[in-house]
Amino acid sequence: MTSASAGRDWTLADVPPPPRTASAVADPPWVRGLLIGVALLFLGLFLLLPLVTVFGQAFSKGIGVYLDAITDPMALAAMRLTLLVAAISVPVNAVFGVAAAWAIAKFEFRGKSLLITAIDLPFAVSPVVSGLIFVLLFGAQGLLGPWLTLHGVKIIFAIPGIVIATTFITFPFVAHELIPLMQEQGTEEEEAAVSLGASGFQIFRRVTLPNISLGLLYGIVLLNARAMGEFGAVSVVSGHIRGQTNTMPLHVEILYNEYQGAAAFAVASLLALLAVVTLVVKRVLEWRMGRASRAL
Amino acid sequence: MSIEARSITKSFGTFTALRAVNLEVKEGELVALLGPSGSGKTTLLRIVAGLEFADAGNVLFDGEDATERSARDRRVGFVFQHYALFRHMNVFENVAFGLRVRPRRERPSTREIRERVHELLRLVQLDGMSERLPSQLSGGQRQRVALARALAVRPRVLLLDEPFGALDSRVRKDLRRWLRQLHDELHITSVFVTHDQEEALELADRVVVMNQGRIEQVGTPEQVYHEPATRFVYEFLGDVNIFHERAEDSRHGGIYVRPHAVEITRRPIGDGAVSARVQRVHVAGPTVKVELVTEFGDLVQAEISQEQQRRLALTREDAVYVRPNESRVFSEDYSI
Amino acid sequence: MGLLRTKRSVLPGFGLTLGFSVAYLCLLILIPLAGLFVKSASLTAAEFLAAVGSPRALAAYRLSFGASFAAAAANAVFGLVVAWVLVRYRFPGSGALDALVDLPFALPTAVAGITLTTLLAKNGWLGRYLEPFGIPVAYTPLGITIALIFIGLPFVVRTVQPVLQDLEPELEEAAASLGANRFETFRRVLFPTLWPALVTGFALAFARSLGEYGSVVFISGNMPMKTEIAPLLIVTQLEQYEYGAATAIAAVLLVLSFAMLLGINALQRYGTRRFAGAGEEPA
């Protein structure tokens with residue numbers, strides 16, 4: 001636009017209308033090409049190539065080795081344990097997430113923002129430290145160690161420790177997803193239900209739950225992926241007892257360290273498959289909720 | 001059912017929403033709570049509905065204290081400003097909700113529910129829409145679904161929060177007329193909140209004008225418009241000019257006069273006329289709008305008929321005389 | 001619970017849900033975390049400093065910080081480009097690419113770790129091309145940084161993306177109509193709006209990298225003083241039954257992480273307060 005510099009004696013009629021065409025705010029083709037190229041190269045090298053590598057390595061010694069690796073009794077035991085851990089930590093944290101989101105989103109109370117921050121704490125804790133705190137609490141030399149030993153309860157280097165550490169790590173997922181969602185939805189629909197005579201349980205089941213179901217599912221899918229894939233925290237508390245306290249990621253580690261690369265990647269490919277399914281479901285849910293992808 | 005609110009007080013933190021408000025609504029009446037935003041009208045409505053809790057005061061239904069009765073048990077139909085329709089339920093399910101959540105003993109049969117819902121949908125002229133989701137309806141249709149839903153439980157009182165607030169002006173006017181007809185048919189005690197004086201004056205049997213947590217005046221539309229009790233009511237219910245007839249008038253608040261009650265003449269006529277100069281004349285529209293400045297410096301808006309304008313032929317800079325017909329003076333001790 | 005409530009509500013379940021949430025939070029999160037500080041408090045100051053200030057621990061902190069910072073910085077640059085491309089341009093596969101950005105969230109870290117190590121080892125698909133140039137990646141700080149770039153990749157993209165999406169086109173049109181060229185528009189109009197999100201994404205990626213273990217432990221080689229990150233040092237101390245030292249190192253890491261969490265929260269509040277709905281009427 002040059003009219004402004006042309007002098008002071010112009011009138012409004014002389015000023016051309018501001019360009020509404022895309023060209024005024026679109027990037028030149030070479031910029032566009034360069035940026036797309038950089039993004040593709042970056043994502044290709046850092047995301048796509050590793051994903052392809054997992055499957056490539058898994059089948060590098062043939063389908064026979066692959067099938068042997070994933071049907072090995074130790075691998076099956078690891079899968080069972082991983083499923084068990086998820087089967088406990090997912091529902092427990094989902095129930096917590098819904099309860100916390102209900103209290104936080106539907107009521108006004110003192111200390112609310114403190115509670116919201118506290119819920120996110122596990123996100124800020126290193127997985128290794130998450131494992132360590134339970135070793136310090138329940139381990140043989142831990143605060144409760146002597147009492148536990150006396151009563152014959154084993155938590156560390158046993159399944160309960162793995163479950164507890166995983167539940168700690170995955171604690172915020174559902175709450176973190178539901179709190180903003182329910183805050184945004186407000187309380188009007190619930191109030192309408194109250195004025196129409198619905199009971200507390202009816203309000204939750206018929207009004208609130210259908211409204212948050214997609215968000216809840218979204219949180220659960222991410223929670224599940226993390227619960228099944230957690231490595232650091234579980235590694236610290238598990239004791240790596242084969243067939244007993246090895247989850248799938250720990251089994252992958254053992255195979256890899258024993259130079260059974262193909263077998264390690266075979267088991268890893270199942271976890272990678274879980275990741276791909278998680279991404280697809282996540283994307284479908286985001287699309288159904290009509291919103292953009294979000295990081296945790 | 002009659003409603004009575006006795007010295008209701010409510011504050012949110014440091015903000016006082018209601019200051020010892022008293023209100024009575026008679027059986028079968030249609031009452032408007034009128035006021036600017038922040039005047040406490042919605043809070044009062046929500047307290048009557050049991051959705052909000054007063055810090056002090058009582059709510060009585062038919063003379064019976066209902067202050068501690070839960071919203072669930074009050075049998076109040078509430079229409080929310082943004083309708084609060086259950087977004088995952090279709091129109092039919094929205095309307096049926098209040099019937100379906102009744103305890104098993106009191107719950108109507110499926111057939112009865114269906115009949116009742118369709119009867120209500122016919123009443124609100126949405127019978128063909130029962131399968132639609134709220135997101136597939138226009139604003140006016142959503143409004144009517146919200147009304148049908150509230151009526152489904154046979155409420156003893158109908159409360160509406162800014163019922164037309166989210167609609168465009170055309171739909172607003174149609175719905176307004178339709179709601180009045182509906183009220184005349186059903187005769188259910190109704191209270192609605194609005195910030196639009198035209199809406200309140202046209203629709204309500206009685207208007208309650210609120211300001212800053214207090215009731216300024218309660219009266220029929222004629223009373224509040226023609227005999228406003230306070231300066232606030234006068235100013236809120238229509239355009240207003242503040243006039244000084246003598247220079248020393250500036251000591252007190254001056255004379256309040258509506259634009260249509262300003263008389264313009266070419267010659268001084270009798271008492272109370274003040275000389276003025278015409279600033280602008282808008283001839284478009286049903287009336288002619290004239291802006292003038294009086295000899296005391298007051299800016300005055302007047303509305304005259306096209307007929308009068310043909311006679312007076314006012315143009316800019318004309319020297320004329322203006323006189324307030326139907327004016328009011330408010331005592332000086334009143335202050336906001 | 002009634003005492004806590006600042007506003008009475010008609011909705012039920014406040015006491016139940018808040019009571020359960022707080023009890024669960026205390027039992028699973030707060031008390032165990034407090035246990036860590038109780039344990040470190042049982043160390044004498046000398047013991048604590050010996051653990052935290054040993055050359056090996058300092059080297060580990062330095063490496064963790066340096067690699068995390070470098071990785072987060074790389075992610076800030078490339079993440080911004082990726083977010084821009086995903087929001088502004090449509091091309092075949094852009095939707096799938098968008099979904100793929102979350103892979104590091106979904107892929108177990110151990111899988112990422114062995115995969116990156118295999119790719120970048122001397123004979124790996126990528127490593128074999130880097131080796132001739134004298135750039136060893138696996139078992140070096142560079143390898144650690146690459147693993148941390150992978151782990152932190154989604155954070156910058158996903159924090160910048162929504163902000164970029166919500167920008168009204170009028171903003172850029174206004175800048176263009178006032179005579180700014182594209183670069184000036186970006187520098188003076190877009191970037192000031194984007195930077196809080198960019199810094200938040202950087203901080204999130206940094207915080208996550210600081211504590212990362214699974215993806216790094218395979219590629220790092222774990223040589224004390226050279227490629228040993230802080231979380232790995234904690235594990236090593238733990239395996240040698242040096243609970244005190246492990247706890248002290250963990251306590252420092254934890255305090256740093258919490259400080260970052262608070263900083264990130266403050267930053268996000270600042271970002272939303274300052275830039276939310278510049279084009280809308282205030283509520």
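Structure summary
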read-out	value
Hydrodynamic radius of the protein assembly as shown per Kirkwood, over alpha carbon pairs, in Å	32.9
Gyration tensor (alpha-carbon) shape descriptor, chain C, a/c threshold 1.5	oblate
Order of B:HIS88, A:HIS151 - criterion: other Cβ atoms within 10 Å of each residue's Cβ, fewest first	A:HIS151, B:HIS88
Residue among C:PHE150, C:PHE133, C:PHE202 with the largest mean-square fluctuation in a Gaussian network model of chain C, springs linking Cα atoms under 10 Å	C:PHE133
Förster radius 25 Å - calculated FRET efficiency between B:ALA56 and A:ARG110, Cβ distance, rounded to 0.05	0.65
Cα-centre dipole for the protein assembly as shown with unit charges at Cβ (Lys and Arg positive, Asp and Glu negative), debye to 20	1980
Label-point gap, in nm, between B:SER305 and A:ASP68 - each point 7 angstrom along Cα→Cβ	10.7
Convex hull projection area averaged over all views, chain A, Cα basis, nm²	26.9
Choice from B:THR110, B:THR67, B:THR194 with maximal GNM fluctuation in chain B (Cα, 10 Å cutoff)	B:THR110
Low-density loop cleavage sites - GluC sites (Glu not before Pro) in the stretch B:33-75, where at most 15 other Cβ are within 10 Å (DSSP)	B:GLU68
Low-density loop positions, GluC sites (Glu not before Pro), the stretch A:227-273 - DSSP coil, at most 14 other Cβ in 10 Å	A:GLU258
Calculated [θ] (222 nm, deg cm²/dmol) that DSSP helices of n ≥ 4 give over chain C, each run adding -39,500 (n - 2.57)	-23000 deg cm²/dmol
Within straight-line cross-link reach of A:LYS112, aspartates and glutamates at Cα separation under 19 Å, skipping those fewer than 8 residues along the same chain	A:ASP120, A:GLU177, A:GLU184
Radius 11 Å from Cβ of B:HIS88, net charge of other residues (Lys, Arg +1; Asp, Glu -1)	0
Bins of 5 Å, starting at 0 and running to the largest distance - Cα pair percent for the stretch A:27-149	2, 7, 7, 8, 11, 13, 13, 12, 11, 9, 4, 2, 1, 0, 0
For C:ALA203, net neighbour charge (Lys/Arg +1, Asp/Glu -1) across residues whose Cβ lies under 14 Å away	+2
In nm, spacing of pseudo-spin labels at B:GLU295 and B:ARG122 (7 Å Cα→C-beta vector)	7.0
Order of A:TRP287, A:TRP30, C:TRP125 under a 10 Å beta carbon neighbour criterion, fewest first	A:TRP30, A:TRP287, C:TRP125
Quotient of Cα Rg and 2.2 N^0.38 Å for the stretch C:16-91, N being how many residues it contains	1.88
Sparse-neighbourhood loop sites, trypsin sites (Lys or Arg not before Pro) in the stretch B:78-155 - DSSP loop, at most 12 other Cβ within 10 angstrom	B:ARG104, B:ARG105
Separation between Cα centres of the stretch B:158-206 and the stretch A:136-155, rounded to whole Å	70
Per-selection metrics, the stretch C:1-144 (Cα): Rg and Dmax in Å	24.1, 72
Entries of A:LYS282/C:LYS7; A:LYS61/A:LYS282; A:LYS106/A:LYS282; A:LYS282/C:LYS226 with Cα pairs more than 29 Å apart	A:LYS282/C:LYS7; A:LYS61/A:LYS282; A:LYS282/C:LYS226
Peptide A:231-238, shielding by other chains (average Cβ, 10 Å cutoff)	5
Only Lys, Arg (+1) and Asp, Glu (-1) charged, at Cβ; the stretch C:135-191 dipole about Cα centre in debye	340
Neighbour-count ranking [beta-carbon atoms within 10 angstrom, fewest first] of B:LEU203, A:LEU114	A:LEU114, B:LEU203
The stretch C:180-236-the stretch A:192-207 distance, computed between alpha-carbon centres (Å)	46
Candidates C:LEU33, C:LEU80, C:LEU178: whichever shows maximal mean-square fluctuation once chain C is modelled as a Gaussian network with Cα springs under 10 Å	C:LEU178
Computed helical MRE - 222 nm, chain A, DSSP H runs ≥ 4 contributing -39500 (n - 2.57), nearest 500	-22000 deg cm²/dmol
Per residue convex hull volume, Cα atoms of the stretch B:1-47, in Å³	69
Taking the C-alpha atoms of the stretch C:202-268, convex hull volume expressed per residue in Å³	87
Globularity ratio of the stretch B:1-84, using Cα Rg and 2.2 N^0.38 Å	1.04
Principal axes of the stretch C:67-215: Cα extent on each, largest first, Å	55, 31, 28
DSSP-defined beta bridges in the stretch B:241-329 - what % are antiparallel, rounded to 5	100
Distance from the stretch C:1-49 to the stretch B:59-102 (C-alpha centre basis), Å	37
Over chain B, equivalent-ellipsoid semi-axes from the Cα gyration tensor in Å	47, 25, 14
Helical contribution to [θ] at 222 nm, DSSP H n ≥ 4, -39,500 (n - 2.57), averaged over chain B, rounded to 500	-8000 deg cm²/dmol
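No lab work stands behind these numbers, since they all come straight from the coordinates. No experiment lies behind these values; they were computed from the predicted model shown. Neighbour counts are summed over all protein chains in view; Cβ atoms, including those assigned to glycine, are modelled from backbone coordinates with ideal geometry.
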